[in-house]
1. Using θ = phi - 60° and the Karplus form 6.51 cos²θ - 1.76 cosθ + 1.60, what ³J(HN,Hα) does each residue of segment 78-84 get, whole Hz, x for Gly and Pro?
2. Just add up the charged neighbours of H64: K/R +1, D/E -1, any other residue whose Cβ is under 15 Å from the Cβ of H64.
3. Can you list the residues, at least 5 places off or on another chain, whose amide H is less than 5 Å from the amide H of V84, using H built in the peptide plane?
4. Report the residues of segment 74-104 in range of a label on E15: point 7 Å along Cα→C-beta, backbone N strictly under 13 Å from it.
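Read the figures in this text as sums done on the coordinates, not as results from a lab. Here the structure is a predicted model, which is why all the values come from computation and not from measurement. So basically every Cβ, Gly included, is an ideal-geometry build from the backbone, and we count neighbours across all protein chains shown.
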Amino acid sequence: MIVTVPASAGFGKAELQLDIDDAEHERRRAAGLGVAIGHGFGGLDVLMALPHGLPVPVTDLTDHQRAYVRQAPAGICTIDGQNVTRHVTWPCRVTVATVQATSPTKMELDAARSSRRSAPAG
């Protein structure tokens with residue numbers, strides 16, 4: 001899938017080629033989840049440090065992560081006894097990004113700025 005999005009770095013727009021994870025979308029739908037990205041009960045910003053599908057002792061979590069998982073809706077993660085298991089994962093991945101720029105120098109600077117903001121942690 002290719003989508004065109006406004007670019008936040010000020011260089012106009014970008015075309016993104018996305019690899020959609022159909023299985024994750026179906027899993028979320030079956031669990032009754034809506035959007036699961038970003039802050040709040042999106043979960044990805046809080047839980048992506050945890051391995052997907054593997055139990056982790058709750059005592060190993062930060063205070064922020066512990067508070068989050070205790071309130072997270074079904075389908076995001078489960079707490080089974082002393083362990084938490086993350087179920088949510090990225091619904092898509094950007095495989096190619098094409099950015100329009102007024103000059104090669106501006107494109108290089110804007111791309112460097114953008115990649116620092118959007119690079120996954122870890």
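1. For segment 78-84, the Karplus-derived couplings read 10, 10, 10, x, 9, 10, 10 Hz, x marking Gly and Pro.
2. Taking every Cβ under 15 Å from that of H64, the sum is 0.
3. Amide H to amide H, under 5 Å and 5 or more residues apart or across chains, V84 pairs with V56, V58.
4. Output list for this probe position: 96-101.
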